[in-house]
Amino acid sequence: MATYIGIDISKDTFDAATSEHTKSVSFKNTAAGYKKFRTWVSKFNEPSVCMEATGKYYLGLATFLYEKTIFVSVVNPLRIKRYAQSALKRVKTDSEDAKVIARFCETESLAPWAPDKPVIQELQEWYQLKELLIRQKTQLKNQLKSGLNSHVKKMQEKQIQQIEKNIETVLSKIKACIQSDKAPIYYTHLTLPTISRGKISVYARTIITNTQ
């Protein structure tokens with residue numbers, strides 16, 4: 001019989017709890033913490049681990065468990081929240097969060113998590129950089145419109161030109177990533193080299209393939 005283990009994870013630590021036991025156990029969100037967690041998990045029969053997709057904090061532990069062939073599922077936090085509300089749970093502490101996640105894991109039929117292909121991870125980073133550059137460009141354009149000093153405006157114009165060049169570079173990197181993929185099934189909605197916000201949002205939704 002499987003043992004369902006919920007993980008409530010943050011930047012520095014994570015709490016683990018089973019659906020049956022009252023107390024949770026805390027671990028550091030580090031390689032050493034993962035090893036200690038594995039030792040703790042080994043006490044249970046057929047461990048089935050579930051955690052929320054919280055930023056990127058879950059990736060290290062989820063990848064570790066995947067590599068150690070321990071069943072792990074990664075779930076959209078909204079599903080956990082709705083489950084907690086439907087079960088009339090009033091979660092106030094991290095330990096309770098972990099237990100709610102464990103009970104959710106026990107009641108739901110969850111698919112196993114697997115890490116994204118390297119090309120997808122690279123695309124995510126290029127996309128995030130592109131969005132950052134777009135925000136910087138917009139901010140500078142707004143400042144340029146309201147500015148009065150001609151010297152400041154010239155510097156802002158040069159900065160905008162450089163950002164535009166950087167955006168073009170990023171777009172070329174995105175295109176190269178897609179073309180290097182042997183099975184580009186993720187990118188059927190993209191038009192390159194021009195990627196509009198609408199089309200890239202389709203890409204952004206598609207690449208999060210392992211979040212249920």
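Okay, here's what the table says:
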{"item": "Lysine pairs meeting the criterion (Cα under 15 Å, 8 or more apart or interchain), as found in the stretch 134-184", "result": "12"}
{"item": "The stretch 15-85: GluC sites (Glu not before Pro) in DSSP coil with no more than 16 other Cβ atoms inside 10 Å", "result": "Glu20"}
{"item": "18 Å Cα-Cα reach of Lys11 towards lysines, excluding residues that sit fewer than 8 places from it in its own chain", "result": "Lys28, Lys35, Lys36, Lys56"}
{"item": "Residues Trp126, Trp113 arranged by fewest to most Cβ contacts within 10 Å", "result": "Trp126, Trp113"}
{"item": "Relative contact order (percent, whole number), the stretch 3-107, Cα cutoff 8 Å, 6+ residue spacing", "result": "38 percent"}
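Where a number appears in this text, it was derived from the coordinates with a stated rule and is not lab data. Predicted, not measured: the structure shown is a model, and the values here were computed from it. Cβ coordinates were reconstructed from backbone atoms using ideal geometry, including for glycine residues, and neighbour counts include every protein chain displayed.
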